[in-house]
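Engineer: Pasting a structure here, questions to come.
None of the figures in this text is laboratory data; all of them are computed from the coordinates on show. Note that the structure is a prediction, hence the values are computed from the model and not measured. Don't worry about glycine lacking a Cβ; one is built from the backbone with ideal geometry, like all the others, and counts go over all protein chains shown.
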Amino acid sequence: MPKFALTAALAAALVSPAMAGDFDGTWSVQLVTESGLCDAQYSYTLAVRDGQVRPIANASSGSATVTGRVDAGGGVGLNVATAAANGTASGRLQTRSGTGTWRVSGGLCTGRWMAKRHTVRTALAD
């Protein structure tokens, strides 16, 4: 299975710029395969900044392209593409964690994802 599924879990997101700080930070994402031909689980690290989601390179992330956003309510929407497969992930982030589902196009595999925030940002006066 392509490394795509790993990145799709994350994950990860849709956030309006006005509320982007609510979910900004580094997130650890674990994808668990529930059906199909993918590996049993994948782990990724993603960054959210101003509502935009991007992968943080690590040895297991492969060469996936991740595009997506986190909305003001924490709703996550991602598209992930590799040379071998494409997929989507959706769900919801909260202050310190998140959950959702993912799927690889063509029904290759589906599953769920869980995310944990590395650190929680606090508001500072300017």
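Engineer: Residue by residue through segment 80-86, which ³J(HN,Hα) values in whole Hz follow from phi under the Karplus form 6.51 cos²θ - 1.76 cosθ + 1.60 (θ = phi - 60°), with glycine and proline marked x?
Structural biologist: 10, 9, 10, 5, 9, 7, 10
Engineer: Describe numerically, in nm with one decimal, the distance between label points set 7 Å from Cα along Cα→Cβ at residue 26 and at residue 88.
Structural biologist: The answer from the label model is 3.1 nm.
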